[in-house]
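The structure under discussion appears below in the form of structure tokens.
The values are calculated or read from the model by the stated rules, or taken from the named source; none is laboratory data. All figures in this text were calculated on a predicted structure; none of them were measured in a lab. Virtual Cβ from ideal backbone geometry, glycine too; neighbours counted across all protein chains shown. Each accessible area value is taken on the protein alone, full model and side chains, heavy atoms only, with ligands, DNA and RNA left out. Shrake-Rupley method; radii C 1.70, N 1.55, O 1.52, S 1.80 Å.
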Amino acid sequence: PKKEKDETGELFEVLEKATKVFENNLSKNQEALNYLENRGLSKSSIAKWRIGLSKNEWRDLHDELISCGFPKKVILEAGLIKKVPDAEKYYDTFRDRIMFPIFDPSGKVIAFSGRILHADEKSPKYLNSPETKLFKKSEVLYGFNFAKNQIRKSDYAILVEGQMDLVMSHQSGVTNTVASSGTALTEEHLKKIKRLTNKIVIAYDGDKAGENAAKRAAEIALSLDMETKIARVKENEDPASIIKEDKQEWIDSIKKSMHFADFVLEKISKSYNGERLIKEIKTSMFPILSLIKSDMEKSRIINKISKITGASESSVWNDFEKNKTGFTERQSETGKSSGPPSLEEMAVAIVFHEEATGESSTKEKLEEILGKEKTSILIEEKRDFKEKMTFEIERQNMTKERLESTKKDIL
């Protein structure tokens, strides 16, 4: 319908104007330009990816867009401003941040991801646009518009975590790279890649959080019958820092990437032996085997397990078959809903959400109910899933009022 087409067009227009405002801000701010240069970005990359800067002011973009004649309703629907609760006052969503425009497949700006320039304890390091009519977080891959042709041509995609990793990878010449853009990877993300290729190399950060995120991403990819490899990223490094120091090291790490099952098995075999080795294989490798669709691929992995443990292939097969019924494919790991989250999960998700905004009321209430020690254990047990749990809060588009109502129901 014409009305809907006009509304969509207005959203694209206001987002394009905001992008130009941010680009102009960056061109006049030497500190921000120095930051990007120190991270290794070239001027041509900054221009290509239309990277900008939001000023450290509450209503700068709001006032600029209003002066250009854009209706407040359109600016709000584009996710560029927020409304003060119980008042007709508005403020900019992004302030004091390096701005990375997020594009649709045709190259139009549909949202932003902002990286804080001057870190503080209250503000999250990265802040993404809220979901809008144009921007669905569970479907959009950063850089897909630039990477899609090369993915099709090279017949594999490289998946990284952050915007800086992505831009640096393209700058190094590895242009079949896309990013999950700081949100939890979903089945919809990978289905978009699968339309172009069935092969994926996951290259997440070389820390514990990156390792856990890579594991979840690999499991989703395997469940979709994708050929899934892991690239080695040095401990406590990320692709962007590696590329800045030596882009050839990044290219080599992609070339030497390993099948996910081989990667996990190698890690286990280097860390354990004897009974503990067998236990780890049953708990870590058998669930991965259950996700692999190809019997030939399963047989290859079984053969490797046999050589590592000294057990016969038939006994490994038998153990796998006995335990297979215990490996229920957790739908939540494949991007599907596995039913409503428990009250415990919701409470911890809200704690993580509040951490990013500098609040602590939910954590304090939990400590009153459970005690400090039990609350600390509960939160730390789920910290590896922080990204996914906070994404769920965002995905449900919880307003402050809904969050408060949910907290009351839980606590």
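Just a few scattered comments:
- Within the accessible area of the chain (1.4 Å probe), percent carbon and sulfur: 48
- Tail weight of P(r) past 20 Å, computed on alpha-carbon pairs of the range 22-157, percent: 52
- With Cα atoms, 0 to 90° folded angle of helix 208-223 axis to the chain main axis: 70
- Exposure rank, largest accessible area first [Asp120, Asp205; 1.4 Å]: Asp120, Asp205
- With DNA, RNA and ligands ignored, accessible area of Arg232 (1.4 Å probe; Å², nearest 10): 110
- Cross-link partners of Lys234 among aspartates and glutamates, defined as those whose alpha carbon lies under 18 angstrom from its own and excluding same-chain residues fewer than eight positions apart: Glu161, Asp165, Asp205, Asp207, Glu211, Glu245, Asp246, Glu249, Asp252, Asp262, Glu266.
- Listed residue pairs exceeding 20 Å between alpha carbons, taken from Lys137/Lys255; Lys199/Lys255; Lys20/Lys55; Lys125/Lys215: Lys137/Lys255; Lys125/Lys215
- Net charge dipole size for the chain [Lys, Arg +1 and Asp, Glu -1 on Cβ; Debye, nearest 20]: 1100
- The range 43-86 and the range 115-131 have their alpha-carbon centroids 15 Å apart.
- Partner aspartates and glutamates for Lys148 [C-alpha distance under 16 Å; skip if fewer than 8 residues away on the same chain]: Asp104, Glu139, Glu188
- Cα long-axis angle, helix 343-357 against the chain (0 to 90 degrees, to the nearest 10): 50
- Rounded tilt (10° steps) of 144-154 against the dominant C-alpha axis of the chain: 30
- Length gained on full extension, Lys83 to Lys43, computed as 0.36 nm times the residue gap minus the Cα-Cα distance: 10.9 nm.
- Helical runs assigned H by DSSP (4 residues or longer) give the chain a calculated mean residue ellipticity at 222 nm of -16000 deg cm²/dmol, each run adding -39500 (n - 2.57) before division by the residue total.
- The modelled label-to-label distance for the pair Glu275/Glu7, using points 7 Å beyond Cα in the direction of Cβ, is 6.5 nm.
- Relative contact order for the chain, counting Cα pairs under 8 Å that sit 6 or more residues apart, in percent: 11
- For the range 250-297, the convex hull drawn through the C-alpha positions has a volume of 93 cubic angstrom per residue.
- For the chain, the spread of Cα coordinates along the three principal axes comes to 75, 54, 46 Å, biggest extent given first.
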